[in-house]
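The values are calculated or read from the model by the stated rules, or taken from the named source; none is laboratory data. It should be emphasised that the depicted structure is a prediction, and the values quoted were computed from it without experimental measurement. A quick note on method: Cβ atoms are made from the backbone with ideal geometry, for glycine too, and the neighbour counts reach across all protein chains shown.
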């Protein structure tokens, strides 16, 4: 059986699901719906063998900021990526797809690639795999396959695919007649009724050689810079950092616009299962399970006499109460809360811009910061002190470092930590503590199999993250 | 000039302003509007001399749980109470007023008393004092004075006072014709138009002997138990703890119902200044400053295209964003969020009941717990550890104590702490730490003039507040 390489596109940093999705840790890595993150669900769905398809290890395309998150999340579900390409900057989907295609074609020009945005919801794994299987013959015959979603409402937020003839649910690929831009309501209703239109999902299947041929015809100007970015790529701890210089010359352009809308060997397979791009809180509400009044709640949230509303508390210790809400969304986090009517969910972007103008850190960052060795969050802050909860994953090691302006008290509360201080290295068990004087070289590591949790109390006249001198770092930072 | 003793009633524990007001630390002690807490504003308004009145130190009537909060808040604004009566249980206003009257009458039967709920907003201090001055002659002549608020809208949530004749704003007391229960909208509109009806504010002025005579006539059954509760009262660190046994026999009854609606020597003075009982979030919105679209925001909160809405973030680190809200309230705290249409604000009570049923601590308690020596809050919690931020006010001292199930690491981050451990006592400066082993006797004190802030990391198999053996406590707990 021919294997298919999933290309997981997860460089996005959308703000439409703020405050749960933020630039520093976007939607695809967040547990938004279903079990695990959307990225994990995507990787899982497109792995292994079954239902007529067999997947090779995925190629992940993401930004440098997310490299450790992505590999750690894959490790959590036992998936080893085939490659992780790091985009120096986001340039939309066309350069990302082209880079992946060139990367694969170098070893096998006929390699089958399944392009998958890593932030969509496709809960029926088997149905989707069966649809991929139906698409395979046409892809092997040189066609570029688009997956079209059977619409269930006159949606005006998506592009549509018009088929040259109606398809049956179990049918094979059908030639594409044309793309339709986001329609108005009347047009959307007409298309829904006709049965010949599907939503353009952003999922594609093709051979590397076929998409490269399409790029050569439709968007030849992208080839040279992407080739150069790959040729100049630097291998770094298993990541492939694309060369920033040629990459910077690339336009921000989608694969639809660069290639699909111009290519002539397009075919469509219809997918009838549940699908959502979770492109806004209204979409998250729609994709969620509802109570009889149409409310979707998650976390410690209650709706009293509410209808058609989405109430999410994203923290165990945060009670969200909605009373008498009609078609509203309320998203509560300990550092940010959003309240809006469901039909204005798309305006969340404006809110984020507003927060950025006010330099509110919540615009783009979470209280919990992720690092290659684990994560930390600030628990409390004063003028001359800060308290952090530090989580070091098994095998994780902070850099060997010192601070010019602060001293640190460490108390290990879970796991066994290996602490280097000056020339001395020792193990700290739970309930053991150590003092790291200002200026002292120190390192924190987790040599065990369980996570280490450590409480750090910093004191000093300057407590910024940039007061760090690194002497050695296993993550090459 | 005759002095007036303010009787500050602050035993209430209403839930209508949840999540900002909770049973464990209710509305009157919270900075809700204006500068300082409502209790502090009330005490300040009714202190000193000026505008034709002179106030004696206040008598505070509150519950035992709030005794330290009340005296600490008074100390903050430099007011020494005349007495603090502690109700063993809340029994509404009649027993509280009676206890205060008996307490004052023991020294001076003709003592003038101004009864003031401590959780109302009366921002114009001078206007109110001038109104009190206008009421004085009638009170000195043996009348029971009610303060009636000039209505500015057909409010259906208040009781009304009907005057025997219209009064002028600057007029003296007018005899009361009758009480009117909360009316319907049509009736309220009619009363507003007539000019002869005022809102019953719950503020009263009378001599102790006159209200005692009225109790004797109108509610004689209350006298014996309240007398007994005062006779059996126990002085405790400056507080007067009323005897719980006779107190328990008292009914829950308001001063209006027990006395005012039956007495025949009632007179009314009209108050034309701004007043609010802040009896719900709708009232808080009404009393607040509004932008041109009618929104009132406080804390880091933004409304994008909102109208007529109240957006409050109660924490510096919590961004609240409302989009497209119409006449909504959204109150955000790090551990609880409320969202409701303004006209359903009164249903917050149901929400609190619901949270209680689910045993959510947010129903009644704050993350920050107040103690006579200061306060603490839990910053982080795991199965076998807890991190607290402890604030010890100048002169404060925790009890000499030990814990059977936990050890504690203390790091002083602000101020100078005096620590007793076993037989040893020493001073810890900022950035100094100490380890308190499981079972060790220890005490934390603040001998300095600045607050002490200390980070405590607890580890152990049980971390409940009830794991405490007290050997000595300056607050007689």
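Restricting attention to the stretch B:50-65 and to residues that are buried (at least 16 other Cβ atoms within 10 Å of the Cβ) and in a loop (DSSP other than H, G, I, E, B), the residue that is nearest to the chain's Cα centre (by Cα) turns out to be B:58.
Out of everything in the stretch A:112-128 that is surrounded by 22 or more Cβ atoms within 10 Å (Cβ to Cβ) and more than 16 Å from the chain's Cα centre (by Cα), what residue ends up being farthest from residue A:277 (Cα to Cα)? Among them, the one singled out is A:112.
Against the numbered list (1) buried (at least 20 other Cβ atoms within 10 Å of the Cβ); (2) touching a residue at least 40 places away in the same chain (Cβ under 8 Å), residue A:188 comes up short only at (2). Can you spot a residue in the stretch B:262-284 that is without any contact (Cβ under 8 Å) to a residue 60 or more places away in the chain, under 25 Å from the mean Cα position of the chain (by Cα) and surrounded by fewer than 18 Cβ atoms within 10 Å (Cβ to Cβ)? Checking the stretch B:262-284: not a single residue is without any contact (Cβ under 8 Å) to a residue 60 or more places away in the chain, under 25 Å from the mean Cα position of the chain (by Cα) and surrounded by fewer than 18 Cβ atoms within 10 Å (Cβ to Cβ).
Against the definition (in contact with a helix residue (DSSP H, G or I) (Cβ under 9 Å, 6 or more places away or on another chain), farther than 26 Å from residue B:310 by Cβ and assigned to a helix (DSSP H, G or I)), how does residue B:75 come out, yes or no? Here the answer is no, as residue B:75 does not meet what is asked.
Would a scan of the stretch B:86-94 turn up a residue that is surrounded by fewer than 23 Cβ atoms within 10 Å (Cβ to Cβ) and more than 29 Å from residue B:216 (Cα to Cα)? No; the residues of the stretch B:86-94 include none that is surrounded by fewer than 23 Cβ atoms within 10 Å (Cβ to Cβ) and more than 29 Å from residue B:216 (Cα to Cα). Just one residue in the set B:327, B:305 is modelled with pLDDT of 95 or more, more than 7 Å from chain A (Cβ to nearest Cβ), out of contact with any helix residue (DSSP H, G or I) (no Cβ under 7 Å at 6 or more places or on another chain) and at positive phi; that residue is B:305. Entry remark, the stretch B:330-343: residues being part of a strand (DSSP E or B) and either more than 7 Å from every other protein chain (Cβ to nearest Cβ) or touching a residue at least 12 places away in the same chain (Cβ under 8 Å) (or both) number 9 in total. For residue A:114, the conditions (1) in contact with a strand residue (DSSP E or B) (Cβ under 6 Å, 6 or more places away or on another chain); (2) modelled with pLDDT under 95 all hold with the exception of (2). For residue B:68, the criteria (1) out of contact with any helix residue (DSSP H, G or I) (no Cβ under 6 Å at 6 or more places or on another chain); (2) assigned to a helix (DSSP H, G or I); (3) modelled with pLDDT of 95 or more hold in every case but one, which is (3).
Does any residue of the stretch B:428-437 turn out to be surrounded by fewer than 17 Cβ atoms within 10 Å (Cβ to Cβ), touching a residue at least 24 places away in the same chain (Cβ under 8 Å) and either in a strand (DSSP E or B) or not assigned by TED's automatic domain parsing to the domain that holds residue B:333 (or both)?
Within the stretch B:428-437, one or more residues are surrounded by fewer than 17 Cβ atoms within 10 Å (Cβ to Cβ), touching a residue at least 24 places away in the same chain (Cβ under 8 Å) and either in a strand (DSSP E or B) or not assigned by TED's automatic domain parsing to the domain that holds residue B:333 (or both).
Only residues that are more than 16 Å from residue B:261 (Cβ to Cβ) and more than 31 Å from the chain's Cα centre (by Cα): list them for the stretch B:165-190, please. Answer for the stretch B:165-190, where residues must be more than 16 Å from residue B:261 (Cβ to Cβ) and more than 31 Å from the chain's Cα centre (by Cα): B:165, B:166, B:167, B:168, B:171, B:186, B:187, B:189, B:190. Scanning the stretch A:400-427 for residues that are buried (at least 16 other Cβ atoms within 10 Å of the Cβ) and at pLDDT below 95 yields a total of 0.
For residue A:299, the conditions (1) more than 22 Å from the chain's Cα centre (by Cα); (2) closer than 19 Å to residue B:321 by Cβ; (3) surrounded by fewer than 21 Cβ atoms within 10 Å (Cβ to Cβ) all hold with the exception of (1).
Restricting A:250, A:222 to residues that are under 26 Å from the mean Cα position of the chain (by Cα), surrounded by 20 or more Cβ atoms within 10 Å (Cβ to Cβ) and in a loop (DSSP other than H, G, I, E, B) narrows the list to A:250. Of all the criteria given as (1) more than 30 Å from residue A:316 (Cβ to Cβ); (2) free of Cβ contacts under 8 Å to residues at least 12 places away in the same chain; (3) facing chain A (nearest Cβ under 9 Å), the one not satisfied by residue B:423 is (3).
Take residue B:17 and decide whether it is more than 21 Å from residue B:244 (Cα to Cα), assigned by TED's automatic domain parsing to the domain that holds residue B:223 and either at pLDDT 95 or above or touching a strand residue (DSSP E or B) at 6+ places or on another chain (Cβ under 8 Å) (or both).
For residue B:17, the condition - more than 21 Å from residue B:244 (Cα to Cα), assigned by TED's automatic domain parsing to the domain that holds residue B:223 and either at pLDDT 95 or above or touching a strand residue (DSSP E or B) at 6+ places or on another chain (Cβ under 8 Å) (or both) - is met.
Evaluated against (1) more than 8 Å from every other protein chain (Cβ to nearest Cβ); (2) over 30 Å from residue A:450 (Cβ atoms); (3) in contact with a helix residue (DSSP H, G or I) (Cβ under 6 Å, 6 or more places away or on another chain), residue A:295 falls short on exactly one condition, (3). Do any strands (runs of 3 or more DSSP E) entirely within the stretch A:344-408 hold 3 or more residues that are more than 14 Å from chain B (Cβ to nearest Cβ), and if so, which? So the answer is A:368-371, A:400-402.
The condition of being at positive phi, within 12 Å of another protein chain (Cβ to nearest Cβ) and in contact (Cβ under 8 Å) with a residue 24 or more places away in the chain holds for residue A:460. Among (1) within 9 Å of another protein chain (Cβ to nearest Cβ); (2) farther than 24 Å from residue B:319 by Cβ, which single condition is residue A:273 missing? If we test residue A:273 against (1) within 9 Å of another protein chain (Cβ to nearest Cβ); (2) farther than 24 Å from residue B:319 by Cβ, just (1) comes out false. Residue A:317 meets the conditions (1) within 30 Å of residue B:381 (Cα to Cα); (2) out of contact with any helix residue (DSSP H, G or I) (no Cβ under 9 Å at 6 or more places or on another chain); (3) part of a loop (DSSP other than H, G, I, E, B) in every case but one. The failed one is (2).
Residues checked against (1) assigned by TED's automatic domain parsing to the domain that holds residue A:117; (2) over 17 Å from residue A:272 (Cβ atoms); (3) touching a residue at least 60 places away in the same chain (Cβ under 8 Å):
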site	(1), (2), (3)
A:182	yes, yes, no
A:192	yes, no, no
A:203	yes, no, yes
A:209	yes, yes, yes
A:213	yes, yes, no
